[in-house]
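Below: the structure, in structure tokens.
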Amino acid sequence: MARRSDRLAAGRSSARRPVVGVLADVRGSRPLGLEPLAKVAAIRYASSARGLARVLADAEVLLLWNFRSQKLREAWHRARRLRWIHATGAGVDTVLFPELVSSAVILTNSVGVFDQAIAEYVLGLMLLFAKDLGRTVDLQRRHIWRHRDSEHLRGQTVLVVGAGGIGRAVARLAHCAGMRVLAVARTARAGDPDLGRVAAVRDLPAVLGEADYVVIAAPLTAETRSLFGDAEFARMKRTARLINVGRGAIVDEDALLRALRSKRIAGAALDVFDREPLPKNHPFWDEPGLIVSPHMSGDFLEWQSQIAALFVQNYLRWRRGEPLLNVVDKTLGYVPSTRPRRSGGARARPSVRGPMGRRAIEPVHRPRRARAPSRS
């Protein structure tokens with residue numbers, strides 16, 4: 001039987017462990033892969049706004065497993081001890097409410113985990129359009145043998161909107177298919193190793209006419225909201241296709257419908273929408289030339305374990321006072337990327353303090369080229 005002093009010591013040791021809150025999904029299912037934290041943190045789960053408010057009263061760290069939830073803002077008044085939030089998605093637009101943005105709470109995300117999966121999905125969509133695979137499946141269902149010619153991807157131009165990890169992964173696969181790559185980002189530059197010529201966002205209209213495929217892989221910010229409307233579609237080739245794996249609100253959906261119905265552009269594929277799930281009566285479902293998928297381009301069989309591993313790694317860094325990975329600039333709305341250097345190396349910038357109070361230098365996180373960990 002344990003001595004009373006041992007039990008008291010164990011209780012004091014447990015009490016000193018930081019509280020990590022986890023906002024789970026509405027079903028309350030607990031994510032797998034967090035077991036390594038049990039020895040170094042007290043993990044408390046919540047799936048409702050009321051439960052989250054109770055957890056936030058003591059939590060120093062919050063894992064937003066359900067990163068699209070609005071519950072955090074509802075319970076924010078209880079977050080008196082909170083120092084760091086990790087979102088399991090790459091996009092953080094749903095959690096950047098004013099109170100969080102103006103606070104000293106650090107926000108990290110899972111950028112990098114989904115880059116390769118999304119890039120493969122985009123390449124698949126471009127092949128689907130070029131090889132007319134949708135019509136092939138339709139003709140098979142109707143038992144119709146109809147020979148057709150198809151297009152090459154080789155020699156076609158893809159314009160990637162967004163120069164982060166997802167956009168770069170798309171560009172690398174497009175290069176492998178023999179495509180010419182252009183890009184649009186916040187700042188213009190030439191000779192980017194992945195993206196080639198990069199135009200500034202304000203110059204988007206000037207480069208749209210060069211593209212056979214326009215791929216939106218940008219985060220939702222004040223600058224990108226409604227970036228694509230009637231004027232932008234009018235600048236595109238009539239043979240061009242639009243693919244959106246960024247955020248739905250970047251595209252004016254009514255303007256896209258007009259562009260498709262007037263044959264202003266040849267087709268579109270959307271994995272993200274202004275309202276999700278897409279309502280059953282939405283005209284997108286039955287629009288010819290439009291492919292609808294349920295925000296799944298980044299989800300692959302092992303994404304949950306990879307996100308859990310990323311969070312555990314980051315938590316252990318935080319406990320040791322080391323710099324956190326994937327720190328979001330809450331004003332910009334995303335993790336500022338570092339352009340790849342041909343000679344290697346990484347830029348560094350001052351990092352936030354971990355619980356041990358040390359200040360470190362944080363290398364800007366650059367996702368691995370393949371099998372990288374992130375949720376879109």
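The values are calculated or read from the model by the stated rules, or taken from the named source; none is laboratory data. Just so we're clear, the structure is a prediction, and the values are computed from it rather than from any experiment. Glycine also receives a Cβ, built like all others from the backbone with ideal geometry; neighbour counts cover every protein chain displayed.
Of 44, 80, all but one fail to be in a strand (DSSP E or B) and free of Cβ contacts under 8 Å to residues at least 40 places away in the same chain; the exception is 44.
State whether the residues of segment 156-165 include one that is closer than 24 Å to residue 305 by Cβ and assigned by TED's automatic domain parsing to the domain that holds residue 272. Taking every residue of segment 156-165 in turn, at least one turns out to be closer than 24 Å to residue 305 by Cβ and assigned by TED's automatic domain parsing to the domain that holds residue 272. Among residues that are surrounded by fewer than 19 Cβ atoms within 10 Å (Cβ to Cβ), assigned by TED's automatic domain parsing to the domain that holds residue 269, over 14 Å from the mean Cα position of the chain (by Cα) and assigned to a helix (DSSP H, G or I), residue 146 is not included. Counting only strands (runs of 3 or more DSSP E) wholly contained in segment 273-375, the ones carrying 2 or more residues that are at pLDDT below 95, of a type outside the set (Ser, Thr, Tyr) and over 23 Å from residue 195 (Cα atoms) occupy 348-350, 361-363.
Among the residues of segment 150-168, count how many are surrounded by fewer than 24 Cβ atoms within 10 Å (Cβ to Cβ) and of a type in the set (D, E, K, R). Going through segment 150-168 one residue at a time, the tally reaches 2. Kindly establish whether residue 270 is over 24 Å from residue 183 (Cβ atoms), touching a residue at least 12 places away in the same chain (Cβ under 8 Å) and touching a strand residue (DSSP E or B) at 6+ places or on another chain (Cβ under 8 Å). The answer is no for residue 270.
List the strands (runs of 3 or more DSSP E) that sit entirely inside segment 168-258 and contain at least 2 residues that are in contact with a Pro (Cβ under 9 Å, 6 or more places away or on another chain) and within 22 Å of residue 127 (Cα to Cα). Steps first, answer last, please.
Working: elements: 180-185, 189-192, 196-200, 213-216, 241-244.
Strands (runs of 3 or more DSSP E) meeting the threshold: none at all.
Scan segment 104-124 and tell me whether some residue there is loosely packed, with under 14 Cβ neighbours inside 10 Å and farther than 25 Å from residue 266 by Cβ. Checked against the condition, which is being loosely packed, with under 14 Cβ neighbours inside 10 Å and farther than 25 Å from residue 266 by Cβ, segment 104-124 yields at least one hit.
Working carefully through the options 256, 220, 242, 270, find the one that is under 19 Å from residue 296 (Cβ atoms) and more than 18 Å from the chain's Cα centre (by Cα). The unique qualifying residue is 242.
I'd like to know if segment 54-66 contains one or more residues that are in the same structural domain as residue 332 (by TED's automatic domain parsing), within 30 Å of residue 168 (Cβ to Cβ) and at pLDDT below 95. Yes.
Quick one: in segment 84-103, which of the residues that are of a type outside the set (D, E, K, R) and in contact with a helix residue (DSSP H, G or I) (Cβ under 8 Å, 6 or more places away or on another chain) is nearest to residue 271 (Cα to Cα)?
Going through segment 84-103, the residues of a type outside the set (D, E, K, R) turn out to be 84-92, 94-98, 100-103.
If we keep only those that are in contact with a helix residue (DSSP H, G or I) (Cβ under 8 Å, 6 or more places away or on another chain) as well, we get 84-86, 88, 90, 95, 97, 100.
On the way: 84: 30, 85: 26, 86: 24, 88: 18, 90: 15, 95: 20, 97: 24, 100: 28 Å.
In this case the residue turns out to be 90.
With the structure loaded, tell me whether residue 138 is without any contact (Cβ under 8 Å) to a residue 12 or more places away in the chain, surrounded by fewer than 24 Cβ atoms within 10 Å (Cβ to Cβ) and outside the structural domain of residue 336 (by TED's automatic domain parsing) or whether it fails that test. Yes. Condition check: in a strand (DSSP E or B) and farther than 20 Å from residue 337 by Cα. Does residue 158 satisfy that? Answer is yes for this residue. Counting just the residues of segment 197-206 that are in contact (Cβ under 8 Å) with a residue 24 or more places away in the chain and over 16 Å from residue 243 (Cα atoms), which one comes out surrounded by the fewest Cβ atoms within 10 Å (Cβ to Cβ)? Selected residue: 205.
Among residues of segment 208-231 being surrounded by fewer than 20 Cβ atoms within 10 Å (Cβ to Cβ) and not hydroxyl-bearing (Ser, Thr, Tyr), the one that is nearest to residue 249 (Cα to Cα) is 225.
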